[in-house]
């Protein structure tokens, strides 16, 4: 089979790495595919292009592929895409974002090529006027969660036999707790024997940081060995981070790493004892939860959105009700029983390798491709 993946975004955020990782994993399993993305402003090389090349994929840069609906750029792409489809003799076009989906519909319909769409919205596609026409022209919809599947089946009447949940994946070789990576605790001056509660989330007002600080005040009073490690940055970091930490008197127990990438990021996850996730953010698939699980760190997640689908409550982590008091109870039990916490971490790592590894995701997508091209076999 020949598959063309379209990605209409130049920023290395959200689904960029998951889409590229999927392509790399599919190629490793024998799928003949190409990856097309925009070349960047003024034809400058962007990080998506550079990373694709680092991972062995020479991206197609013949299209503009703006992130948003751009009348002129989209017109040009719809004019160029048919030639690309003929030249590549593709059997399937796989779309990842709204605008590449929008661009692909007309040319693919004329060429008789089915469209597969991956959704990265953990609670479903929420813009009916936009997504309704997209889905009407889609052969198969890959969902990140059962919550999203149920929403989209009900909202759009999309046939369930042409939908499937394929969980988001992580690179379990990169996120391997046995690998040597920079010491996040040493970098931030966190005591080696501290019990570190980590969180990976942009510092924005809607991310429920206020619940974390209220819980931290009670937890630190009862368990002085607790330290909070915040990985991320944001335009509201003073308002949601520095100021309440000062007001609650938590300055000696809270550490802000800011943005970190590469192995420094993996080292920060390795510094955690547990990973807290309070609410799904701009990455609707909650990838940071899976990354920490792959590092054998149990996840303590609020009962919001698709989060309860990722974590087995009481096995690979804890699902709490979302309030500061319920977070205190969840974390207090884990810090008081570190043997249980480590056992949950082991289970989290096993689940990540079993359910969230790249090769598992690629196999599931490859099966979908086969079903489209050879139905009934």
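All of the numbers you see were taken from the coordinates with simple rules; none came from a lab. Remember, predicted model here, so these are calculated numbers, not experimental data. Note: ideal-geometry Cβ built from the backbone for every residue, glycine included; neighbour counts use all protein chains shown.
Each part gets one Cα centre, and for the stretch 289-344 versus the stretch 55-78 those centres are 41 Å apart.
Summarising the overall dimensions of the stretch 184-355 from its C-alpha atoms, the Rg and Dmax are 14.4, 43 angstrom. Peptide packing for 120-132, 219-231 was compared via the average number of neighbouring C-beta atoms within 10 Å per residue; ordered from the highest value, the list is 219-231, 120-132. Take the Kirkwood radius over Cα pairs of the stretch 301-348, plug it into Stokes-Einstein at 25 °C and 0.890 mPa s, and you get 226 µm²/s for translational diffusion. Taking every DSSP helix (H) stretch of at least 4 residues in the chain, weighting each as -39,500 (n - 2.57) and dividing the sum by the residue count yields a mean residue ellipticity at 222 nm of -13500 deg cm²/dmol.
In terms of the mean number of neighbouring beta-carbon atoms within 10 Å, the peptides 146-154, 24-32 order highest first as 146-154, 24-32.
Rounded to a whole number of µm²/s, how large is the Stokes-Einstein D of the stretch 206-273 at 25 °C and 0.890 mPa s, given Rh as the Kirkwood radius over C-alpha pairs?
For these conditions, the coefficient is 194 µm²/s.
The DSSP beta bridges internal to the stretch 172-271 are antiparallel in roughly 10% of cases.
So what is the diffusion coefficient of the chain in µm² per second by Stokes-Einstein at 20 °C and 1.002 mPa s, using a Kirkwood Rh over Cα pairs?
98 µm²/s
A straight line joining the Cα centroids of the stretch 177-224 and the stretch 1-35 runs 33 Å. Taking the Cα centroid of the stretch 248-269 and of the stretch 122-156, what is the distance between the two, rounded to the nearest whole Å? The stretch 248-269 and the stretch 122-156 have Cα centres separated by 36 Å.
If both residues of a DSSP beta bridge must be in the stretch 184-355, then about 5% of such bridges are antiparallel.
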